[in-house]
There are 4 protein chains.
Amino acid sequence: MEVGFLGLGIMGKAMAANLLRHGFRVTVWNRTLSKCDELAALGATVGETPAKVVAKCNYTIAMLSDPSAALSVVFDKDGVLEQIGEGKGYVDMSTVDAATSCKISEAVKQKAGAFVEAPVSGSKKPAEDGQLVILAAGDKALYDDMVPAFDVLGKKSFFLGEIGNGAKMKLVVNMIMGSTMNAFSEGLCLADKSGLSPQTLLDVLDLGAVANPMFKMKGPSMLQGSYNPAFPLKHQQKDMRLALSLGDENAVAMPVAAAANEAFKKARSLGLGDLDFSAVHEVLKGAGGSGQA
Amino acid sequence: MEVGFLGLGIMGKAMAANLLRHGFRVTVWNRTLSKCDELAALGATVGETPAKVVAKCNYTIAMLSDPSAALSVVFDKDGVLEQIGEGKGYVDMSTVDAATSCKISEAVKQKAGAFVEAPVSGSKKPAEDGQLVILAAGDKALYDDMVPAFDVLGKKSFFLGEIGNGAKMKLVVNMIMGSTMNAFSEGLCLADKSGLSPQTLLDVLDLGAVANPMFKMKGPSMLQGSYNPAFPLKHQQKDMRLALSLGDENAVAMPVAAAANEAFKKARSLGLGDLDFSAVHEVLKGAGGSGQA
Amino acid sequence: MEVGFLGLGIMGKAMAANLLRHGFRVTVWNRTLSKCDELAALGATVGETPAKVVAKCNYTIAMLSDPSAALSVVFDKDGVLEQIGEGKGYVDMSTVDAATSCKISEAVKQKAGAFVEAPVSGSKKPAEDGQLVILAAGDKALYDDMVPAFDVLGKKSFFLGEIGNGAKMKLVVNMIMGSTMNAFSEGLCLADKSGLSPQTLLDVLDLGAVANPMFKMKGPSMLQGSYNPAFPLKHQQKDMRLALSLGDENAVAMPVAAAANEAFKKARSLGLGDLDFSAVHEVLKGAGGSGQA
Amino acid sequence: MEVGFLGLGIMGKAMAANLLRHGFRVTVWNRTLSKCDELAALGATVGETPAKVVAKCNYTIAMLSDPSAALSVVFDKDGVLEQIGEGKGYVDMSTVDAATSCKISEAVKQKAGAFVEAPVSGSKKPAEDGQLVILAAGDKALYDDMVPAFDVLGKKSFFLGEIGNGAKMKLVVNMIMGSTMNAFSEGLCLADKSGLSPQTLLDVLDLGAVANPMFKMKGPSMLQGSYNPAFPLKHQQKDMRLALSLGDENAVAMPVAAAANEAFKKARSLGLGDLDFSAVHEVLKGAGGSGQA
């Protein structure tokens, strides 16, 4: 199977390399073309522009850093739109908001091309290991065609229906994660102030019904007041806000998420927005902003 | 090692049998003595009263149904107190409140005996499999002596310091569990009302950072509105309340737990108190009490 | 003083009549021109279009039903913009969002005219009695010129600084009102379920530190489950949401408002959005949607 | 009418003086007897012990500082119980918990005496002015007999039914007050951070639907960060907690009160417990404990 691949950042490079390793023929493009060399050494062809990649390949995947890069690659001169059309599919795996995704989708469809949004959960390591979770939505036939590639890139892919559902699913997951983080932090504080060892609480939790990777990974550093930003608090709070807005549109009351969101806002007001989202622990501890990244 | 064992309910029978299987000499007692037969068949000696068991064994474990049974076995005629004393240890593994535990502890210590409270997390299956988690507190020397038995009964035991800490640790863990359940339920509702498949959400969650046994076990039945009471909602709400009281004593603000507690109270007001604590989902769904056990 | 007056709905008619009664010369316009007759009988001149009113008067007040009407009167053919300019002032007293207000402000200023937004608090009765509270913002010189008119229309006017501040002040006030309504409703429920007379609670509250017109006015009908919509719940909830968004922008944590907002959302989900905002009482009572308008 | 009066603290002295001024014959007692001199100068008779006061008067009012003083005056040697009996009434106007009130009530009734609990709302100034609000419960016949005295002491008295209801009514009122204080503080913070003048917000609020004495009295000092303790925050938080417990007993969900309670707890954790309850404003402002009494 031949695929185009636009965007060779940390994630994209690992993903394109995985495809090559599994026998895909891959034509890569990156804004800074020199970044293509490494992939060329692994057997990739280099395309000069997004348009040329799309002209050459029936399926093109993009993995770009943000909504503006995602839009630029499609709509700019020499962009995807110039060559997309009947029989060609475009798959954007970048994390973008629903509005950006819809805009790209409509433009591609107007040219008779097929479009799938496919944001992923997982970062560098899972990308390298082909262990991403892929939240796809849009054109079902294109999704079906892409399954062999998704099987290489991720441990699991989901088809979620209409465009926008990928982004929504991420919001719901992140909202649950954010509320759970608050519950966790409150428990650590309660243990500490009640004369119990928070470290022992971590051990007990890890053997129980709510044992989960996040508690295991973040707990020890939270107890040290160390919040190296894997997922910045301001982004987590933004996702809480967007999830609450989605709930507002659909008249879903979510009092626990609302309380958690206020704690994240409080953390932002204390200047913790750029630390990891686990830094909400500083708010609950009452230390007031003394955390370190 | 020789141990006494008081109380052969579902939990106690499985635990005593485990001890026998691992080569402990066990003298058992139960209020209804006929319940001892099964253990006798596995090699246990039968004691006629708690006092006689304590007289015979240097270490006696109790696993009783509630605080009143726990008190009765100690303070009634022919009870533990009549024979406890210097060189003898008593280990209560029942789930009781801190006050009950303290009362027993003081009485045992006044007789120069040693006492450990050791409530467990885990129910029938983990008891049978020797996979309980044991939250012990009280006399450290007695705890050390009991480690071989705890190793047989549980996958892990913790020594938590002074009497009362076992009960407190359970409250903290249950509070985190209760808040997390609310976060989970809110997410399921949001997915559903936003046009996403809640079933797919379960699958996505199970691959992510907050994947945990509770989501896996309770999620599918919650989606069916089925709440077979593994842990009754009214008990979960009581533990939330007690955890919030503990936070009140120690001036720990816990806004997410407080919001979760109100949802559980709402569930109680809708008559869902005897269903599983996951029935709080009915409140958040807005169905208002139509869940079934 | 000569003023133009655009919009003769319930509010506008009462306000224009007040101005006439206090000796202002008033030129009125209304989309349905026949509505001008009543004012003409009181001495008003009738203008054929907004543009003609502005051409005639140095100061023109508008009181329109919603943002779309407010925009239409300015930007449509024969609208305010055609005649506004140097030396002329436009005062919009309609309740509109900040974006609408900004759009009008910029257009007026581009034509060298002066603009003041001046939303009011108070409805029909206070409008008739000249007892409105006027929340003005924008051009300070124009505000100063308008004080004689504002003194007739309201019991008090405030100048709040830059455009948008009038709308923001209304949001803050409505947020406090919405949270206080929830506190009130929770208290009524608690009294009722605890065996106290909610009617007596109303009497006790009315003698105490938080006695206020809202408790006095809404309490008795809430106890009867009657929610005649003076201020529809869906609008109150929208204002709570916008106030929380404003807090989000400025990193202000507002946990009580957030909890109150979720209760209003719950009320919406039960179909109570068109009733008075006091219908949130139905959510807290647990009756689930049986209230009546 | 002849009445006994036990307890001549700030409140009691003012109340007894009011009774004398209105023609009641009053026999006073105070633990430190010299405090009786001032009242004797106004015409009071002095009793040597509570028992002697009760022996002399058919109706005896008590106004004591706390539950322990209230119990002591009744149960100690030379206490009320020694002389209470058929045809004699005892009215405790101290602020005590329901349990204390019940204990006194039962003891008095066992001696065939009549008992009314009658906690008041209002402090020194209203006591002097006879403007207290009296929340009475217990023996209805005794209440009826006391109405002439209550009319002198308060602007209004309520008979609330069975013993305990006076205390409960105070809790409900204080809960509403505590939540409303939080709503108010959140609004002041939102105004401030959004570029609006909090002082102007106070003025606008004072003209609107939720204008109330508390906003008027506390607002200006809150803006200055000054929290002279009229009602200490730790007592307000205790009342929130007790009101939430009452809600727990009766399965009433009160999410706004719960959120407000957590803010008060946070304030306590920052060391603000002895300041006025309006010091919760420091938590919401995010200043973290810099308030002054």
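The values are calculated or read from the model by the stated rules, or taken from the named source; none is laboratory data. A quick note: this is a predicted structure, and the numbers were derived from the prediction, not measured. Neighbour counts run over all protein chains shown; Cβ positions are idealised from the backbone, glycine included.
Brief remarks follow.
- Selection within the stretch D:253-270: residues that are outside any helix (DSSP H, G or I) and at the interface with chain B (Cβ under 7 Å from one of its Cβ atoms). The member of this set that is nearest to D:Gly225 (Cα to Cα) is D:Met254.
- Residues that are of a type in the set (Phe, Trp, Tyr) and under 28 Å from B:Val172 (Cα atoms), drawn from the stretch B:67-121: B:Tyr90, B:Phe115
- Test set (1) at pLDDT below 95; (2) at negative phi - B:Met146 fails condition number: (1)
- Only one of A:Ser290, A:Ser278, A:Ser226, A:Ser269 that is over 17 Å from C:Glu262 (Cα atoms), surrounded by fewer than 22 Cβ atoms within 10 Å (Cβ to Cβ) and at pLDDT 95 or above: A:Ser226
- For D:Gln236: the one exception among (1) in contact with a Phe, Trp or Tyr (Cβ under 9 Å, 6 or more places away or on another chain); (2) more than 14 Å from chain B (Cβ to nearest Cβ): (2)
- Meets criteria (surrounded by 18 or more Cβ atoms within 10 Å (Cβ to Cβ) and at the interface with chain B (Cβ under 7 Å from one of its Cβ atoms)) for A:Thr180: yes
- Flag for A:Ser121 being touching a Gly at 6+ places or on another chain (Cβ under 8 Å), at the interface with chain B (Cβ under 8 Å from one of its Cβ atoms) and not aliphatic (A, V, I, L, M): yes
- When the stretch B:160-174 is limited to residues that are more than 9 Å from chain A (Cβ to nearest Cβ) and among the aliphatic types (A, V, I, L, M), the one that is nearest to B:Lys140 (Cα to Cα) turns out to be B:Ile163.
- Those residues of the stretch C:89-109 which are surrounded by fewer than 22 Cβ atoms within 10 Å (Cβ to Cβ) and touching a Gly at 6+ places or on another chain (Cβ under 7 Å), in sequence order: C:Ala98, C:Cys102
- From the list C:Pro220, C:Pro213, C:Pro148, the one residue that fits, being surrounded by fewer than 17 Cβ atoms within 10 Å (Cβ to Cβ) and at the interface with another protein chain (Cβ under 9 Å from one of its Cβ atoms), is C:Pro213.
- For the stretch B:239-252, filtered to residues that are crowded, with 24+ Cβ neighbours inside 10 Å and within 9 Å of chain D (Cβ to nearest Cβ), the residue that is nearest to B:Gly187 (Cα to Cα) is B:Leu244.
- Cβ pairs under 8 Å, 6+ apart, first in the stretch B:136-149 and without any contact (Cβ under 8 Å) to a residue 60 or more places away in the chain, second charged (D, E, K, R): B:Ala136/B:Glu117; B:Ala137/B:Glu117; B:Ala137/B:Glu162; B:Gly138/B:Glu117; B:Gly138/B:Glu162
- Boolean, C:Ser278 is closer than 20 Å to D:Asn212 by Cβ, part of a helix (DSSP H, G or I) and not assigned by TED's automatic domain parsing to the domain that holds C:Gly122: yes
- In the stretch D:143-230, counting only helices (runs of 4 or more DSSP H) that sit wholly within it, the ones holding 2 or more residues that are farther than 27 Å from D:Ser245 by Cα and touching a Lys or Arg at 6+ places or on another chain (Cβ under 9 Å) span D:165-193, D:198-205.
- Complete set of residues in the stretch A:93-120 that are in a strand (DSSP E or B) and touching a helix residue (DSSP H, G or I) at 6+ places or on another chain (Cβ under 7 Å): A:Ala114, A:Phe115, A:Val116, A:Glu117
- The residues of the stretch B:46-79 that are in contact with a strand residue (DSSP E or B) (Cβ under 8 Å, 6 or more places away or on another chain), over 11 Å from B:Leu6 (Cα atoms) and surrounded by fewer than 17 Cβ atoms within 10 Å (Cβ to Cβ), listed by number, are B:Lys56, B:Asn58.
- Unique residue being in contact (Cβ under 8 Å) with a residue 40 or more places away in the chain, on the phi < 0 side of the Ramachandran plot, assigned by TED's automatic domain parsing to the domain that holds B:Asp276 and touching a helix residue (DSSP H, G or I) at 6+ places or on another chain (Cβ under 7 Å) when the list is B:Gly208, B:Gly247, B:Gly187, B:Gly178: B:Gly178
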